[in-house]
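All remarks here apply to the structure that follows.
The values are calculated or read from the model by the stated rules, or taken from the named source; none is laboratory data. Just so you know, these numbers come straight off a predicted model, no measurement behind them. Neighbour counts run over all protein chains shown; Cβ positions are idealised from the backbone, glycine included.
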Amino acid sequence: MSLLNYNIGRPDIPHKVATVSNFAGYFNVFSKDIIDFLDPENKIKLTSGDLLAEFQIRKLYSKFGPHLNIDDIIWEKVKNARQTTTQNTEKRDFNGRQIFLRDDIFIKERIRIEITGFDSFITYFTDEQAINLCSKMSSSYARRLCSDIYRNFPGKDMNLIKYQIHYIANRALKVFGGKVVTFVLCLPKLKFKSPGAEEVRTYLNVNPEFPLIHFKTSPQINIAFFAKQTRPHCFTSNILLYKHKSYELIGKLDINGAIWNRLKSFSPQLSLFVENINNKEYKIYSGVETGKCDICGLPLTDPNSLRVGIGPTCAKRLAADFS
């Protein structure tokens with residue numbers, strides 16, 4: 001029976017319908033999202049097969065809404081609602097605002113990804129798009145999955161690898177939004193001098209972020225795709241723009257593709273940068289392309305330093321916070 005017709009307290013509805021996994025499929029989210037919301041401190045120790053109580057079901061409906069599919073309008077509402085709190089804070093520190101990214105190719109869902117023994121989920125990516133995105137991530141685990149797909153090693157479960165790649169890509173979409181992910185997807189292939197990220201054991205532990213990218217435009221600007229971890233397996237977007245070399249913070253990019261200026265005096269240069277980006281008139285290099293500090297030229301060894309392309313000593317001297 002469809003969960004759309006599930007009525008709390010009705011004895012004629014089998015209670016086995018109300019599992020974490022079933023509600024995850026109904027609301028078109030991961031089981032992990034349901035568990036993180038209902039049990040953020042891991043006190044109850046919920047699993048995907050657990051039955052939910054009536055008060056938990058009511059909480060889910062208030063959080064995720066009774067929508068069977070995320071259509072264009074609902075998707076926009078979800079993205080806008082996610083930004084309401086952060087934008088109120090941003091307005092105090094980042095004064096100006098101008099539309100930045102124009103394109104969003106991730107409006108409609110593609111297919112449901114299913115594999116025995118794992119939660120199914122809706123993907124917004126083709127296989128090619130998911131592989132493209134994961135190959136540009138800071139996580140060497142995500143990039144290694146892409147490498148395994150291309151090499152097609154005997155004995156490797158290709159369906160499981162594709163499942164993991166789509167999971168990570170959709171997680172990045174949830175964190176950064178369709179316009180930012182479309183933007184990253186269209187960038188040229190990023191070169192990685194070294195792994196540049198700490199190893200993780202499973203795809204669930206991958207932080208779905210990208211290395212700092214230097215745009216050789218006029219002016220030259222660095223964009224750092226940070227993802228703040230708010231609780232286990234839960235991230236929010238924190239994309240920051242810096243002046244090249246000086247690493248002075250000049251703005252922030254939200255998941256709706258808008259820039260919030262921090263320096264009013266830098267607005268004309270930022271407007272020119274926006275124009276260059278939208279017209280694809282730029283050259284880039286990644287902070288992990290050389291494996292050396294962008295300031296002093298010394299080799300980088302710290303995983304976070306490799307991701308942003310600047311060593312901790314130089315970062316401290318410039319008062320740049322890359323923690």
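Across the stretch 106-148, which residue is modelled with the lowest pLDDT among those that are among the aliphatic types (A, V, I, L, M) and surrounded by fewer than 15 Cβ atoms within 10 Å (Cβ to Cβ)?
By that ranking, first place goes to Ile107.
Suppose we keep only residues that are of a type outside the set (Phe, Trp, Tyr) and in contact with a strand residue (DSSP E or B) (Cβ under 6 Å, 6 or more places away or on another chain) within the stretch 119-174. Which one would you say is nearest to Phe235 (Cα to Cα)?
Per the criteria, the residue is Asn170.
Taking the conditions exactly as written (out of contact with any helix residue (DSSP H, G or I) (no Cβ under 7 Å at 6 or more places or on another chain), of a type outside the set (Lys, Arg) and either assigned to a strand (DSSP E or B) or within 16 Å of Val180 (Cα to Cα) (or both)), does Asn304 satisfy them or not?
Taking the combined requirement at face value, the residue does not satisfy it.
Residues to consider are Val175, Val184, Val180; find the one that is of a type in the set (Val, Ile, Thr) and under 23 Å from Gly291 (Cα atoms).
Of the residues listed, the single one that is of a type in the set (Val, Ile, Thr) and under 23 Å from Gly291 (Cα atoms) is Val184.
Just to be sure before I move on: is Glu209 touching a Phe, Trp or Tyr at 6+ places or on another chain (Cβ under 9 Å) and part of a loop (DSSP other than H, G, I, E, B) in the structure I sent?
Yes: the conditions hold for Glu209.
Output the number of the condition that Asn276 fails; it satisfies all remaining conditions of (1) polar (S, T, N, Q); (2) at pLDDT 75 or above; (3) under 21 Å from the mean Cα position of the chain (by Cα).
(3)
For every residue, the table says whether it meets (1) in the same structural domain as Ala24 (by TED's automatic domain parsing); (2) part of a helix (DSSP H, G or I); (3) in contact with a Leu (Cβ under 8 Å, 6 or more places away or on another chain).
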site	(1), (2), (3)
Gln129	no, yes, yes
Ser138	no, no, no
Cys146	no, yes, no
Ile149	no, yes, no
Asn159	no, yes, no
Tyr163	no, yes, no
Leu173	no, yes, no
Lys179	no, yes, yes
Leu185	no, yes, yes
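Of a type in the set (Val, Ile, Thr), in a helix (DSSP H, G or I) and at negative phi - does that describe any residue in the stretch 258-274?
Yes - at least one qualifying residue is present in the stretch 258-274.
Please state which of the following conditions Lys193 fails to meet, knowing it meets all the rest: (1) outside any loop (DSSP other than H, G, I, E, B); (2) touching a helix residue (DSSP H, G or I) at 6+ places or on another chain (Cβ under 9 Å).
(1)
Which one of these is in the same structural domain as Phe176 (by TED's automatic domain parsing), closer than 18 Å to Leu185 by Cα and either basic (Lys, Arg) or surrounded by fewer than 17 Cβ atoms within 10 Å (Cβ to Cβ) (or both): Asn279, Asn256?
Of Asn279, Asn256, the one residue that is in the same structural domain as Phe176 (by TED's automatic domain parsing), closer than 18 Å to Leu185 by Cα and either basic (Lys, Arg) or surrounded by fewer than 17 Cβ atoms within 10 Å (Cβ to Cβ) (or both) is Asn279.
Among the numbered criteria (1) on the phi < 0 side of the Ramachandran plot; (2) in contact with a Pro (Cβ under 9 Å, 6 or more places away or on another chain), which single criterion is violated by Gly309?
All conditions are met except number (1).
Among the residues of the stretch 193-214, how many are surrounded by 20 or more Cβ atoms within 10 Å (Cβ to Cβ) and at pLDDT 80 or above?
Counting residues in the stretch 193-214 that are surrounded by 20 or more Cβ atoms within 10 Å (Cβ to Cβ) and at pLDDT 80 or above gives 10.
Which one of the conditions (1) modelled with pLDDT under 80; (2) under 28 Å from His166 (Cβ atoms); (3) surrounded by fewer than 22 Cβ atoms within 10 Å (Cβ to Cβ) does Ser218 fail to meet, given that it meets all the rest?
Against the list (1) modelled with pLDDT under 80; (2) under 28 Å from His166 (Cβ atoms); (3) surrounded by fewer than 22 Cβ atoms within 10 Å (Cβ to Cβ), Ser218 comes up short only on (2).
Looking for something under 19 Å from the mean Cα position of the chain (by Cα) and assigned to a loop (DSSP other than H, G, I, E, B) - is there at least one such residue anywhere in the stretch 227-242?
Yes, the stretch 227-242 contains at least one residue that is under 19 Å from the mean Cα position of the chain (by Cα) and assigned to a loop (DSSP other than H, G, I, E, B).
Are there any pairs, at least 6 apart or on different chains, whose C-beta atoms fall under 6 Å, with the first in the stretch 26-44 and outside the structural domain of Thr123 (by TED's automatic domain parsing) and touching a residue at least 12 places away in the same chain (Cβ under 8 Å) and the second in a helix (DSSP H, G or I) and among the β-branched types (Val, Ile, Thr), and if so, which?
Listed by first residue and then by second, the contacts come to Ser31/Val20; Ile34/Val20.
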